[in-house]
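Asks: Structure in structure tokens, see below.
The values are calculated or read from the model by the stated rules, or taken from the named source; none is laboratory data. Just so it is clear, the structure is predicted and the values come from calculations on it, not from any experiment. Glycine also receives a Cβ, built like all others from the backbone with ideal geometry; neighbour counts cover every protein chain displayed.
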Amino acid sequence: MTSARYTAFLFLTVLSGILIHTWWTKRPVSLCNTLSCIQMDDSSRFRNKDTYSDTQSTYRALFEHNGRFLRIDAQRTAQNSAGQERDAAVTKIKAMFEKAPAPYPGEISDAIVCDPAFVPTYEEIGPDKARISLFVGYLNNRMTFGSCSQSQAVYRGALALMHCAEQSLLLRVELIAKTDDFVIHEKELMNQIRSLRCGK
């Protein structure tokens, strides 16, 4: 190999190495790729259906297995504000189902009220450091909480909010199934969502 060819080869090798190193160190780091941010019984069965956001600060995705859905929303959060953010999320969900004044009060009703049978139940489980705020209720055909009648209650789901201090993450995890499926297998599904833990 001539001196000029050797110099060109050496230059291209060094340049390639620099480019690969730059790409490797600058690539986005996923917060929860392949559900790494959580541990939950049977979560490995779920396959990614859609990813809405996958950055260093947020991860939002929908997973599916046999007609059941697992929705993850992970956000990077500061340690000193994590508790407040979780409490704010809990308050927001509870407020959706509180008695509200009707926009046009009249003879029929002065308030909008959700039938108590469709108001999500709420409980807190686990020790303070790994506390899970858990809602269980009905979801509409777009898989969002807010169904207040049988005709709207297409799905039933469990929504867990928790803070993972070591990973500095605020997690919102939803386990959703068609209403009939959820009711028939409620014990199994509730055991599954209660097994939720922070990832490693």
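Asks: Report the residue count in segment 163-200 for those that are within 19 Å of ASP73 (Cβ to Cβ) and of a type in the set (Ser, Thr, Tyr).
Replies: Selection size over segment 163-200: 2.
Asks: What pairs can you find where one residue is in segment 117-135 and at positive phi, the other is surrounded by 14 or more Cβ atoms within 10 Å (Cβ to Cβ), and their Cβ atoms are less than 7 Å apart, with a gap of 6+ or different chains?
Replies: GLY126/ILE132
Asks: Of the conditions (1) farther than 30 Å from CYS32 by Cα; (2) of a type outside the set (Asp, Glu); (3) surrounded by 13 or more Cβ atoms within 10 Å (Cβ to Cβ); (4) modelled with pLDDT under 75, TYR104 clears all except one; give me its number.
Replies: Failing condition for TYR104: (3).
Asks: Based on what the data block shows, is ASN80 polar (S, T, N, Q), on the phi > 0 side of the Ramachandran plot and either in the same structural domain as GLU188 (by TED's automatic domain parsing) or surrounded by 12 or more Cβ atoms within 10 Å (Cβ to Cβ) (or both)?
Replies: On the way: polar (S, T, N, Q): yes; on the phi > 0 side of the Ramachandran plot: no; either in the same structural domain as GLU188 (by TED's automatic domain parsing) or surrounded by 12 or more Cβ atoms within 10 Å (Cβ to Cβ) (or both): yes.
Against the criterion (polar (S, T, N, Q), on the phi > 0 side of the Ramachandran plot and either in the same structural domain as GLU188 (by TED's automatic domain parsing) or surrounded by 12 or more Cβ atoms within 10 Å (Cβ to Cβ) (or both)), ASN80 does not qualify.
Asks: Further, regarding this structure: Conditions: (1) at pLDDT 85 or above; (2) in contact with a strand residue (DSSP E or B) (Cβ under 6 Å, 6 or more places away or on another chain). ALA117 meets all but one. Number of the miss?
Replies: If we test ALA117 against (1) at pLDDT 85 or above; (2) in contact with a strand residue (DSSP E or B) (Cβ under 6 Å, 6 or more places away or on another chain), just (2) comes out false.
Asks: Is it true that ALA74 is among the hydrophobic types (A, V, I, L, M, F, W, C) and in a strand (DSSP E or B)?
Replies: Numbers: among the hydrophobic types (A, V, I, L, M, F, W, C): yes; in a strand (DSSP E or B): yes.
It is true that ALA74 is among the hydrophobic types (A, V, I, L, M, F, W, C) and in a strand (DSSP E or B).
Asks: Another question, then. LYS129 fails exactly one of the following numbered conditions: (1) in a helix (DSSP H, G or I); (2) closer than 18 Å to ASN66 by Cβ. What is the number of that condition?
Replies: (2)
Asks: Which of (1) surrounded by 11 or more Cβ atoms within 10 Å (Cβ to Cβ); (2) modelled with pLDDT of 80 or more; (3) out of contact with any strand residue (DSSP E or B) (no Cβ under 9 Å at 6 or more places or on another chain) does THR91 not meet, given it meets every other one?
Replies: The failed condition is (1).
Asks: Has segment 138-150 got at least one residue that is of a type outside the set (S, T, N, Q), assigned to a loop (DSSP other than H, G, I, E, B) and at pLDDT below 90?
Replies: yes
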